[in-house]
Amino acid sequence: MISARSATKPLDDELARPPRDVGPAELQPIRLRELAERDPAAFRRLCARLSRWPIITAEDELALTEYIRSGPMSVIDPGQGVSGELLKEFQRRLGLRRSYGLTVNSATNGLHAAYRAVGVGPGVLVAAIGYTFHATVTPALDLGAHPILMDVDPVTGNLRYEEVLRTLDAHPDVQAIGLNHNWGVPCADIGRIAELARSRGIPLIEDCSHAHGASVDGIPVGGFGTVSVFSMQSKKLVPGGEGGLCFTDDAALHAAMLLVGHYGFERPGPPNDESLQQTGLGGLQNRIHPLAAVLALSQLRRLDRVLRNREENAARLREALRDVPYLSFPEPPAAHRTSYYAFRARFEPEGADGAALVDVVATLRRAGAPVGLDRGGPLSRKTIYRKQIDSPISRLDPARPLYTDRDLPNATEFCRRSIILPVFSRDPAVVGDAIDVIADLFHASRKALP
Ligand SMILES: *Cc1c(COP(=O)(O)O)cnc(C)c1O
C-alpha cells in the first residue's frame, strides 16, 4: 500500500523542478538567451528536455516497487484489484459518469472490442473521422468493415455535425460512427453528433485517446460515446506504458466487450456458463498488465496539475505570439476545455509576405525555436485505403472505390497550415522563462523570413 504521507505530499516535487538532466542555472533568463544565440540547436534540445513526456516521478517508482512486492501480477477480473481501483479513480478524477468501465491492454484493442460489441463485422459500413491516429479506424477495418472516411473542419481539425449528417444521409446503411477529439481539442459538435447517432440508432465509438480531462460545456470527453475509449500508452496524458479504458452505459455492450477479450472469471448475469468463462467468445486476451494500471493510477493523481500546467504554459506562449502576423490561434468556445495533447498554431499566408510555411518553420528552427510541421495527413493517404494489398490479412472491400489524394481536402489543409508548438507539463515557474525566449525567437526571426 502507498503510505499516507506519499499519497498526500509529493516525495520530491518533480513538476516543480527542472528535469534531472537540466541544471537549474541553465534556466536563468540570461543563460537561456545566451544559449539560443550561441547554439540554437542546443536551445532546441534543451526545450525538448523541458517538454519531455511522460514524467515519471518518485511517487510512480514507489507505487511500482510496492506493487511488485505484493502483486498479483495478473488481474483476471477487470473489476477487481488495481484494475478496479483504476476504473473507479479515473471516473472520479474526470467526473465521468458512466455505468460500466473496462480496462484493456491498449486503446487499439479497446476500440476493436467496442466495434465488435456493437456488431461491426464483414461488409458493415462504418462512418469514421478521416483525420486521426489510424487506430481510431483500423480495428473496424480488421473486423471486415468498410470505413467511409469523413473530412474534418479545416480550422479545428475536428469532425463537424454537418459532415456526419451528410454522410449518414448518403449512406443509410452505416452501422457505426467512429470519432476522435484531435490533439485534445474536444470536438465542438460532439453533443449534436451523439444526439444524431442516438436518433438514428447508430452506435457512436468515441476515441478519447488525445483528450483525458478535456470537456464540452462541463461534460467530460468520454461521456458522449455509446462506447468511449481512452489510451494509456506512454505518450498519452494518463500514461501506463501501454493500456486502455472503455466506458459505456449499456450492460449488454459491456458484457460483449468482456466476452471479446476477458475470459476466465465468473460474470454476473448471462451469458455465463463454464465454457464461456474458459474461452470468452472472441478468444482474445485484452487484459491490462497490473503494473501498467499501477503506473496509470499514480499518474492519474497528477493529471489535474499536468493539465493546468499545459494550459497555462500554452496560454503564455500564445499570448506572447499574439501579434505575429502569420499566426492565428483558433480557440474553442470558452466553455470547452482542451487537454493540450498537442499545441498548434495556424499559418496565415497573408501575414507572411509571400513566404511559404516550410520556409518560415525552417527559419524559426535555425533561430532555435522548437517548432515543427505536420507531415501527416488524412487516413486516405495511407496505403491500406489506396490500394488492394496482396496479403492474406488484407480486408479492404474490393468492390468499394479506393481513396485518392483528392479526398479529404480539409484535413490536408489543416495539416499543411499547422505549426506545431511545444507543450510543457512542468510548472510555469520552471519553464516560463524558456517559453518567453521561444516567443522572442519568433519576433527576432521576422526580419530573417525569406
Ligand atoms: C494512441 C492512440 C490510439 C491507440 O492507443 P494504444 O493504446 O496505443 O493502442 C488510438 N487512437 C488515438 C487517437 C490515439 O492517439
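Just so it is clear, none of the values below were taken in a lab; they were calculated from the coordinates. Because the structure is a prediction, the values reported are computed rather than measured. Glycine gets a Cβ as well: all are built from the backbone with ideal geometry, and neighbour counts include every protein chain shown.
Brief remarks follow.
- Estimated D of segment 113-168 in µm² per second, where Rh is the Kirkwood radius over Cα pairs and Stokes-Einstein applies at 4 °C, 1.567 mPa s: 110
- Whole-Hz ³J(HN,Hα) from phi, Karplus 6.51 cos²θ - 1.76 cosθ + 1.60, for segment 74-87, glycine and proline x: 9, 10, 7, 8, x, x, 10, x, 5, 5, x, 5, 4, 4
- Cα point-scatterer Debye curve for segment 208-345, base-10 log of I(q)/I(0) at q = 0.11, 0.13, 0.18, 0.21 Å⁻¹: -0.55, -0.71, -1.08, -1.26
- FRET efficiency for the pair residue 308 and residue 388, taken as 1/(1 + (r/R0)^6) with r the Cβ-Cβ distance and R0 = 45 Å, rounds to 0.40.
- Couplings for segment 194-204, taken from phi via the Karplus curve 6.51 cos²θ - 1.76 cosθ + 1.60 with θ = phi - 60°, read 5, 5, 4, 4, 4, 5, 9, x, 9, x, 10 Hz in order; Gly and Pro are left as x.
- Sites residue 55 and residue 89, calculated FRET efficiency, Cβ-Cβ separation with R0 22 Å, nearest 0.05: 0.70
- For segment 1-101, the alpha-carbon coordinates run over 57, 30, 24 Å along the three principal axes, in decreasing order.
- Each Lys and Arg contributes +1 and each Asp and Glu -1, all at the Cβ; summed about the Cα centre of the chain, the dipole is approximately 660 debye.
- Remark on segment 215-254: ratio of C-alpha radius of gyration to 2.2 N^0.38 Å is 1.31.
- 3J(HN,Hα) from dihedral phi, segment 89-106, Karplus parametrisation 6.51/-1.76/1.60, rounded to Hz, x for glycine, proline: 5, 4, 5, 5, 5, 8, x, 8, 9, 10, 6, 9, x, 8, 8, 9, 8, 6
- Burial ranking of peptide ranges 58-67, 226-235 (average Cβ count within 10 Å, highest at the top): 226-235, 58-67
- Distances between placed amide hydrogens fall under 5 Å for residue 225 paired with 206, all partners being 5 or more residues away or on another chain.
- Extents of the chain, taken as max minus min of Cα coordinates on every principal axis and listed largest first, are 70, 57, 43 Å.
- Note on residue 200 and residue 37: the extension gain reaches 52.8 nm, defined as 0.36 nm multiplied by sequence separation minus the Cα-Cα distance.
- Each of 139, 105, 129 was placed along the dipole of segment 88-158 (beta-carbon charges, centred on the mean Cα), and the one lying farthest toward the positive end is 105.
- Rounded Å value of the spacing that divides the Cα centres of segment 372-416 and segment 144-209: 18
- Fraction of alpha-carbon pairs over 24 Å apart in segment 191-285 - percent: 35
- Only DSSP H runs of four or more residues enter the estimate; each adds -39500 (n - 2.57), and after division by the residues of the chain the mean residue ellipticity at 222 nm equals -11500 deg cm²/dmol.
- Hydrodynamic analysis of segment 56-109 uses the Kirkwood radius over alpha carbon pairs. Inserted into Stokes-Einstein at 10 °C and 1.306 mPa s, it gives a translational diffusion coefficient of 125 µm²/s.
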